[in-house]
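J.: First the structure, which I've put down as structure tokens, then a few questions once you've had a look.
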Amino acid sequence: MGEERTMSLGLAIREALHQEMERDASVIIMGEDIVGGAGSDEPGAEDSWGGPMGITRGLVGKFGHNRVRDTPISEAGFIGAAVGAAATGLRPIAALMFIDFFGIPMDQIYNQGAKLRYMFGGKAKVPMVVRALIGAGVNAAAQHSQSLYSIFTHIPGLKVVIPTTPYDAKGLMISAIRDDDPVFFLEHKTLLGEKGPVPEEPYTVPLGVAEIRREGDDVTVVAIAKMVNVALSAAEILEAEGVSVEVIDPRTLSPLDGETILDSVEKTGRLVIVDEDTPRCSLATDIAALAADEAFFSLEAPIKRITAPHTPVPFSPTLENAYIPSQERVVAAIQEVVSV
Amino acid sequence: MEIPRDKLLEIYERMVTIRKFEDRVHDEYAAGRIPGFVHLYAGEEAVAVGVCAHLSDADSITSTHRGHGHCIAKGVGVNEMMAELYGRATGACKGKGGSMHIADINRGMLGANGIVGGGVPLACGAALTAQVQGTGAVAVSFFGDGGANEGTFHEGLNLAAIWKLPAIFVVENNRYAQSTSVKYASAGGDIAARAQSYGIPGVTVDGLDLFDVYETTGAAIDRARAGEGPTLLECQTYRFYGHYEGDTQGYRSREEIEEYRTKHCAIQRFRDRVTEQGLLEADELDAIDAQVADAIEASVEFAANSPFPDASEVTTDVYVNYEEAI
């Protein structure tokens, strides 16, 4: 056995895209500046971007402009075209850049892509992936920092995936591309540089299966996206105090692996949910309701939700730091529920 | 462009089918036998049929809330259509779509659409599939004068133009977007002229003249199949019924409607021309009228005698697969 190969979460996504495009000629990818430099006469302009984070760089050289397309800044146009292409035989991956831009193509997402199969009595399928960046932490302010996954989780017909490790990023992306339903694949911008082991061969991580990141007996913490790391470091701190914390990463919000969450709550009797999104009608609220409905008699303390405040994401570092749920808040919430 | 005799007969049969289907839906709706919202296509038949006469099942269309005519023109059967309108399990969408979402993806009919302008990007996507896979298929998007004011219209035309997609954008300008006149709502007045902004051909068509629609569309489709990109057609037409069934239509006069029904009926114009030119005989057209009347009657019987979907069907067909659905 050689040394385990490690790579960043962003490059794990790139490898998944390469391997699936190689495997299946019906997979295409399009979006704003996913190649970069389109229409420029400047030498070296082509592939100068590879998307806002460089993840798609190199695809055009391998797969050509027929399958790797820069689009105009025209989200309703190209997201809708991805829906139409998916319904007629391709497997498009559409890069929305930042999830904050969803307002422009939203009709094509929720009234068209999400509903075609149901409205047509099961005769259509829409196998597409929408990639988008989520999350605060880089001072990108109110229109480039939101999480918003609850909005897509709310829509029947859509699936929502958020990888938190490079291993999961590759396996979940391959699953998302092979899936026959529309999948939102959301990439937290502060996790793209996270490094971890990634096998070279293609593999899948199933949608709808949560991962227990840390086993514990005293309290269940369900954390989403970057909050998984915050919860894990809180768990480390509390271990020294003799508190045993179980940390669950749902990995996919739709489908949501409720069984793993409920089994854990039944074991620990306590639940804290950590969510970077705003609190109202959110995943945190949804998971709290699930536990209240299904595991009420196992609970030994009130359910606690640690979320962002009900505000837009602020710009200034001091404000943004106050916005993002902190390790201190998570530690305090866990201490509170275990003291009951 | 000469239209073969068989094609002329098929065109007449499809136009009459649309008219009689819609007239019957009007009656069935008034009698309370069809639930929901219904928008009728009667009057506009020459557009859907003149365009779709060029298409095969491999070609795609997207439609509008006024979609029955596009379905029939694309070859969807009236039994499954009427059953869908009745909300029955035997409907084209198993009763899950209804009038505004009626579809038959196997025939390239990518659905009526409850969202004005919603189908334009979808047609770009179907055209993209054809282009990526090199199938030679085309995609046609039908939408109204109202749809031409949506952002999706402009985004779709731009995308199709830069990628030279094999797409045809067909504006059915029936003069009223719901109750609002095109004179009020459409800046510049000339919708076809908007094509110039995207460097593609834009043609104004007499949408009540089957032959004009057929010929203009034929040229646009030839252009699309040759890889020369999209075309915008503005077909000027008129709807005989209100925006929706139940519309009191205070925004237009009875005289105006009557004038279109009697003097500008696309089916009568077609009939007059083909008989005057000796292309088809009045007897054979009468025979088609009778056949279609029987088919529509049979479709109502089929629908009325079909079962409603089982209530358990409410949760099926949301996803292809969904593990541990919560």
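The values are calculated or read from the model by the stated rules, or taken from the named source; none is laboratory data. Only a predicted model underlies this, so the values are computations on that prediction, with no experimental measurement involved. Glycine also receives a Cβ, built like all others from the backbone with ideal geometry; neighbour counts cover every protein chain displayed.
J.: Does A:V228 fit the bill of being touching a residue at least 12 places away in the same chain (Cβ under 8 Å), buried (at least 24 other Cβ atoms within 10 Å of the Cβ), within 27 Å of A:R280 (Cβ to Cβ) and over 16 Å from the mean Cα position of the chain (by Cα)?
T.: Values: touching a residue at least 12 places away in the same chain (Cβ under 8 Å): yes; buried (at least 24 other Cβ atoms within 10 Å of the Cβ): yes; within 27 Å of A:R280 (Cβ to Cβ): yes; over 16 Å from the mean Cα position of the chain (by Cα): no.
Taking the combined requirement at face value, the residue does not satisfy it.
J.: Identify, by number, the condition in (1) closer than 21 Å to A:A284 by Cβ; (2) surrounded by fewer than 24 Cβ atoms within 10 Å (Cβ to Cβ) that A:V161 doesn't meet.
T.: A:V161 satisfies every listed condition except (2).
J.: Among the residues of region A:78-113, which ones are hydrophobic (A, V, I, L, M, F, W, C) and at the interface with chain B (Cβ under 9 Å from one of its Cβ atoms)?
T.: Of region A:78-113, the ones hydrophobic (A, V, I, L, M, F, W, C) are A:78-79, A:81-83, A:85-87, A:90, A:93-99, A:101-102, A:104, A:106, A:109.
Selection gives A:F78, A:I79, A:A81, A:A82, A:V83, A:A85, A:A86, A:A87, A:L90, A:I104.
J.: Can I ask one more? Determine if region B:167-177 includes at least one residue that is in a helix (DSSP H, G or I) and out of contact with any His (no Cβ under 6 Å at 6 or more places or on another chain). Give the steps one after another, and end with the answer.
T.: At the first step, the residues of region B:167-177 found to be in a helix (DSSP H, G or I) are none.
No.
J.: I'd like the residue in region B:114-124 that is within 8 Å of chain A (Cβ to nearest Cβ) and in contact with a Phe, Trp or Tyr (Cβ under 9 Å, 6 or more places away or on another chain) and, out of all such residues, is surrounded by the fewest Cβ atoms within 10 Å (Cβ to Cβ). Even if it seems obvious, please write down each step before you answer.
T.: Here is the first cut: in region B:114-124, the ones within 8 Å of chain A (Cβ to nearest Cβ) are B:114-115, B:118, B:120-124.
From what's left, in contact with a Phe, Trp or Tyr (Cβ under 9 Å, 6 or more places away or on another chain): B:114, B:118, B:120-121, B:123-124.
Numbers: B:G114: 20, B:G118: 27, B:V120: 33, B:P121: 33, B:A123: 32, B:C124: 32.
Checking each candidate, the answer is B:G114.
J.: Please enumerate the residues belonging to region A:132-174 that are touching a strand residue (DSSP E or B) at 6+ places or on another chain (Cβ under 9 Å) and β-branched (V, I, T).
T.: Scanning region A:132-174 gives A:I134, A:T153, A:I155, A:V160, A:V161, A:I162, A:T164, A:T165.
J.: Those residues that are under 22 Å from A:A81 (Cβ atoms), of a type outside the set (V, I, T) and assigned to a helix (DSSP H, G or I), I need them from region A:128-181; list them, please.
T.: Of everything in region A:128-181, those that are under 22 Å from A:A81 (Cβ atoms), of a type outside the set (V, I, T) and assigned to a helix (DSSP H, G or I) turn out to be A:F152, A:M173, A:A176, A:R178.
J.: Then there's this: Quick one: would you say A:D47 is surrounded by fewer than 23 Cβ atoms within 10 Å (Cβ to Cβ) and either on the phi < 0 side of the Ramachandran plot or at the interface with another protein chain (Cβ under 8 Å from one of its Cβ atoms) (or both)? Talk me through it step by step, then tell me what you get.
T.: On the way: surrounded by fewer than 23 Cβ atoms within 10 Å (Cβ to Cβ): yes; either on the phi < 0 side of the Ramachandran plot or at the interface with another protein chain (Cβ under 8 Å from one of its Cβ atoms) (or both): no.
Here the answer is no, as A:D47 does not meet what is asked.
J.: On the basis of being under 23 Å from A:I28 (Cβ atoms), in contact with a helix residue (DSSP H, G or I) (Cβ under 8 Å, 6 or more places away or on another chain) and among the β-branched types (V, I, T), does A:V219 make the cut? Outline the logic, then answer.
T.: Details: under 23 Å from A:I28 (Cβ atoms): no; in contact with a helix residue (DSSP H, G or I) (Cβ under 8 Å, 6 or more places away or on another chain): yes; among the β-branched types (V, I, T): yes.
Answer is no for this residue.
J.: Hey, among the residues in region B:61-118 that are polar (S, T, N, Q) and assigned to a loop (DSSP other than H, G, I, E, B), which one's nearest to B:S141 (Cα to Cα)? If you could, list the steps in order and put the result at the bottom.
T.: To start, the set of residues in region B:61-118 that are polar (S, T, N, Q) comprises B:62-64, B:79, B:90, B:99, B:106, B:113.
Cutting the leftovers down to assigned to a loop (DSSP other than H, G, I, E, B) gives us B:63-64, B:90, B:113.
Numbers: B:S63: 6, B:T64: 9, B:T90: 27, B:N113: 11 Å.
Of everything passing the filter in region B:61-118, B:S63 is nearest to B:S141 (Cα to Cα).
J.: Next up: I'm checking my understanding of the structure. Among residues of region A:114-128 that are at the interface with another protein chain (Cβ under 8 Å from one of its Cβ atoms) and among the small types (G, A, S), which one is surrounded by the most Cβ atoms within 10 Å (Cβ to Cβ)?
T.: The selected residue is A:G121.
J.: A follow-up question, please. Test B:A127 against the stated conditions and say whether it is in a helix (DSSP H, G or I), of a type in the set (A, V, I, L, M, F, W, C) and modelled with pLDDT of 95 or more.
T.: yes
J.: Picking from A:G135, A:G157, A:G122, A:G171, which residue would you name as being over 17 Å from the mean Cα position of the chain (by Cα) and either modelled with pLDDT of 95 or more or within 25 Å of A:L319 (Cα to Cα) (or both)?
T.: Working: A:G135 fails: over 17 Å from the mean Cα position of the chain (by Cα); A:G157 fails: over 17 Å from the mean Cα position of the chain (by Cα); A:G171 fails: over 17 Å from the mean Cα position of the chain (by Cα).
After ruling out the rest, the residue left standing is A:G122.
J.: Output the strands (runs of 3 or more DSSP E) that fall wholly within region A:232-340 and possess 3 or more residues being under 21 Å from the mean Cα position of the chain (by Cα), in contact (Cβ under 8 Å) with a residue 40 or more places away in the chain and under 30 Å from B:Y322 (Cα atoms), or say none. Walk me through how you get there before you give the answer.
T.: Numbers: elements: A:245-249, A:252-254, A:271-275, A:304-307.
Filter on region A:232-340 gives A:252-254, A:271-275.
J.: Got a number for residues in region A:182-207 being within 14 Å of chain B (Cβ to nearest Cβ), surrounded by 24 or more Cβ atoms within 10 Å (Cβ to Cβ) and either of a type outside the set (A, V, I, L, M) or in contact (Cβ under 8 Å) with a residue 60 or more places away in the chain (or both)?
T.: 2
J.: Kindly provide the set of residues from region A:58-70 that are free of Cβ contacts under 8 Å to residues at least 24 places away in the same chain and more than 14 Å from chain B (Cβ to nearest Cβ), ordered by number.
T.: A:G61, the sole residue that qualifies.
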